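*Asks:* Just dropping this structure here.
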Amino acid sequence: MKKFARIIGTGSYLPPKIITNEDLEKTLDTSKEWIVTRTGIEKRHIVENQSNCELATIASQNALKAANISPKELDLIIFATTTPDKIFPATATVLQKALGASCPAFDLQAVCAGFIFALTTAEKYIKTNSANKVLVVGSETLSRIVDWTDRSTAILFGDGAGAVVLSSDLNAGILNTKLLSDGNYLPSLQVNNNYINQHGFIQMSGNEVFKAAIKHLSILALETIKENNITVDEIDYMIPHQANVRIITAIAQRINIPMDKVIVTLKDQGNTSAASIPLAIDKAVRDKRIKKNNILLLIGIGAGFSWGSVLLRF
Ligand code: ACO
């Protein structure tokens, strides 16, 4: 019998410290008007003394509570992150202990597309009867790899965590997944570290990333809609990775979906990389925009580049 992986609980967490555009004006050659008109971002949350795993733990606890299951019931934890607390062990295993879970746990790295890749992986475990309940987390402390003197990147990023619990379901859930990667884009967006200089910072050709994100995500969204024999009107909400509001509106225009059907959290959170999609899902679930049985289209792209889509019935 066909099995689906269905989201049964969502959770998120943002660290309390906020950096506004006005704060950045004081330290960088920029203006609050430039930042908000070019990106849509007004403020972002930044960690002070918390680790990435601490953010992920709170988001996961919130998701487990919403799903009404105990950590011991989990069969798998997948932790999407670009900013693990240590090179090893995997932050996922630290999270497993913090939650009091006892299942296998691993990290997955696909930068801003990390949550899409992790959700896709989790779905395959459920579909093949290898797991029944899976926790998928996207959690980041990007502020630790931002060069705070570089105005072209420092204005963009924020910290935070989002999580979903997936359970097997005989009726509905994830309907389709698509993943792509193209390593030719490496020079456009990377962290400039290596095994000698472990601590590097984000380096980016912003405009190249901007154009590629619009192009690839629009094509992918249109292909996903076509291959699944649905119309764009049947999508209740599109939840894109949150990088720049101009990227999001350009994609929405190209696929012809109205902006009131697009979940946007950029204004208050900035780009939280692998955390941005689960943070947006949780926000829209808790403010009751997303309802059971809604059709959601998730799309994300990140360094690599890697990009992908997940179409699901909530
Ligand atoms: N304040 C004022 N001026 C600035 C700033 C700033 N913070 N940053 C750049 N500028 C200047 C540039 O120096 C340039 O000046 P010049 O014309 O004298 O050379 C001018 O603004 C225009 O620069 P562009 O890079 O062409 O501006 P653009 O419209 O592309 O906006 C931005 C830049 C916001 C970075 C945009 O390209 C973007 O959001 N790209 C996507 C980046 C991203 O989110 N990457 C992260 C992860 S991957 C992903 O999530 C998709």
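*Asks:* Read through the list (1) surrounded by fewer than 22 Cβ atoms within 10 Å (Cβ to Cβ); (2) over 26 Å from residue 24 (Cβ atoms); (3) within 16 Å of the ligand (Cβ to nearest atom), then give the number of the only condition that residue 103 fails.
*Replies:* The one condition residue 103 does not meet is (3).
*Asks:* Looking at (1) in contact with a Pro (Cβ under 9 Å, 6 or more places away or on another chain); (2) of a type in the set (Gly, Ala, Ser); (3) more than 14 Å from the ligand (Cβ to nearest atom), which is the only condition residue 284 fails?
*Replies:* Tallying (1) in contact with a Pro (Cβ under 9 Å, 6 or more places away or on another chain); (2) of a type in the set (Gly, Ala, Ser); (3) more than 14 Å from the ligand (Cβ to nearest atom), residue 284 fails exactly one: (1).
*Asks:* Among the residues of segment 44-57, are any within 16 Å of the ligand (Cβ to nearest atom), without any contact (Cβ under 8 Å) to a residue 40 or more places away in the chain, open to solvent by 80 Å² or more (accessible area, probe 1.4 Å) and not assigned by TED's automatic domain parsing to the domain that holds residue 297?
*Replies:* Within segment 44-57, the first condition is being within 16 Å of the ligand (Cβ to nearest atom), and the residues that meet it are 44.
Keeping just the survivors that are without any contact (Cβ under 8 Å) to a residue 40 or more places away in the chain gives none.
No, because not a single residue in segment 44-57 is within 16 Å of the ligand (Cβ to nearest atom), without any contact (Cβ under 8 Å) to a residue 40 or more places away in the chain, open to solvent by 80 Å² or more (accessible area, probe 1.4 Å) and not assigned by TED's automatic domain parsing to the domain that holds residue 297.
*Asks:* Continuing with this model, one more query. Tally time: how many residues in segment 24-43 are within 8 Å of the ligand (Cβ to nearest atom) and surrounded by fewer than 19 Cβ atoms within 10 Å (Cβ to Cβ)?
*Replies:* Matching residues across segment 24-43 total 6.
Matching residues to (1) within 25 Å of residue 198 (Cβ to Cβ); (2) in contact with a strand residue (DSSP E or B) (Cβ under 6 Å, 6 or more places away or on another chain):
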residue	(1), (2)
63	no, yes
81	yes, yes
87	yes, no
91	yes, yes
101	no, no
104	no, yes
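*Asks:* Give the number of residues within segment 168-192 that are over 20 Å from residue 155 (Cβ atoms), within 16 Å of the ligand (Cβ to nearest atom) and either in a loop (DSSP other than H, G, I, E, B) or at pLDDT 95 or above (or both).
*Replies:* 7
*Asks:* Regarding segment 228-242, can at least one residue be identified that is near the ligand (Cβ under 9 Å from one of its atoms), within 20 Å of the chain's Cα centre (by Cα) and of a type in the set (Val, Ile, Thr)? Walk me through how you get there before you give the answer.
*Replies:* Of all residues in segment 228-242, those near the ligand (Cβ under 9 Å from one of its atoms) come to 241-242.
Now drop any that are not within 20 Å of the chain's Cα centre (by Cα), which leaves 241-242.
From what's left, of a type in the set (Val, Ile, Thr): none.
Within segment 228-242, not a single residue is near the ligand (Cβ under 9 Å from one of its atoms), within 20 Å of the chain's Cα centre (by Cα) and of a type in the set (Val, Ile, Thr).
*Asks:* Output the number of residues of segment 78-93 satisfying the condition of being farther than 20 Å from residue 300 by Cβ and either surrounded by 22 or more Cβ atoms within 10 Å (Cβ to Cβ) or of a type outside the set (A, V, I, L, M, F, W, C) (or both).
*Replies:* Going through segment 78-93, the residues farther than 20 Å from residue 300 by Cβ turn out to be 85-90, 93.
From what is left, the residues that are either surrounded by 22 or more Cβ atoms within 10 Å (Cβ to Cβ) or of a type outside the set (A, V, I, L, M, F, W, C) (or both) are 85-86, 89, 93.
Residues flagged as farther than 20 Å from residue 300 by Cβ and either surrounded by 22 or more Cβ atoms within 10 Å (Cβ to Cβ) or of a type outside the set (A, V, I, L, M, F, W, C) (or both) within segment 78-93 amount to 4.
*Asks:* Condition check: within 24 Å of residue 49 (Cβ to Cβ), open to solvent by 60 Å² or more (accessible area, probe 1.4 Å) and in contact with a helix residue (DSSP H, G or I) (Cβ under 6 Å, 6 or more places away or on another chain). Does residue 137 satisfy that? Before the answer, list the steps.
*Replies:* Working: within 24 Å of residue 49 (Cβ to Cβ): yes; open to solvent by 60 Å² or more (accessible area, probe 1.4 Å): no; in contact with a helix residue (DSSP H, G or I) (Cβ under 6 Å, 6 or more places away or on another chain): yes.
Considered against the rule, which asks whether it is within 24 Å of residue 49 (Cβ to Cβ), open to solvent by 60 Å² or more (accessible area, probe 1.4 Å) and in contact with a helix residue (DSSP H, G or I) (Cβ under 6 Å, 6 or more places away or on another chain), residue 137 comes out as no.
*Asks:* Continuing with the same structure: Go through segment 2-23 and report how many residues are among the acidic types (Asp, Glu) and either at pLDDT below 95 or in contact with a Phe, Trp or Tyr (Cβ under 7 Å, 6 or more places away or on another chain) (or both).
*Replies:* Taking segment 2-23 as the starting set, the residues that turn out to be among the acidic types (Asp, Glu) are 22-23.
Next cut, either at pLDDT below 95 or in contact with a Phe, Trp or Tyr (Cβ under 7 Å, 6 or more places away or on another chain) (or both) only: none.
Qualifying residue count for the region: 0.
*Asks:* Starting from residues that are open to solvent by 20 Å² or more (accessible area, probe 1.4 Å) and part of a strand (DSSP E or B), keep the ones in segment 193-220 and report whichever is farthest from the ligand (Cβ to nearest atom). Step through it out loud before you land on a result.
*Replies:* Taking segment 193-220 and keeping what is open to solvent by 20 Å² or more (accessible area, probe 1.4 Å), we get 193-199, 201, 203-211, 215-216, 219.
Add one more test, that the residue is part of a strand (DSSP E or B), and what stays is 203-204.
Numbers: 203: 11, 204: 6 Å.
The qualifying residue farthest from the ligand (Cβ to nearest atom) is 203.
Results for (1) touching a Gly at 6+ places or on another chain (Cβ under 9 Å); (2) in a helix (DSSP H, G or I); (3) away from the ligand (no atom under 12 Å from the Cβ); (4) charged (D, E, K, R), shown as yes or no for each residue.
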| position | (1), (2), (3), (4) |
| --- | --- |
| 253 | no, yes, yes, no |
| 274 | yes, yes, no, no |
| 288 | no, no, yes, yes |
| 293 | no, no, yes, no |
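*Asks:* Something else now. Name the residues in segment 225-251 that are open to solvent by less than 10 Å² (accessible area, probe 1.4 Å) and in a strand (DSSP E or B), would you?
*Replies:* The answer is 238, 239, 240.
The values are calculated or read from the model by the stated rules, or taken from the named source; none is laboratory data. These numbers come from a predicted model, not from an experiment. Because the Cβ atoms are built from the backbone with ideal geometry, glycine has one as well, and the counts that use them run over all protein chains shown. Ligands, DNA and RNA are stripped out before the accessible areas are found, and what is left, the full protein with its side chains, is counted by its heavy atoms. Shrake-Rupley method; radii C 1.70, N 1.55, O 1.52, S 1.80 Å.
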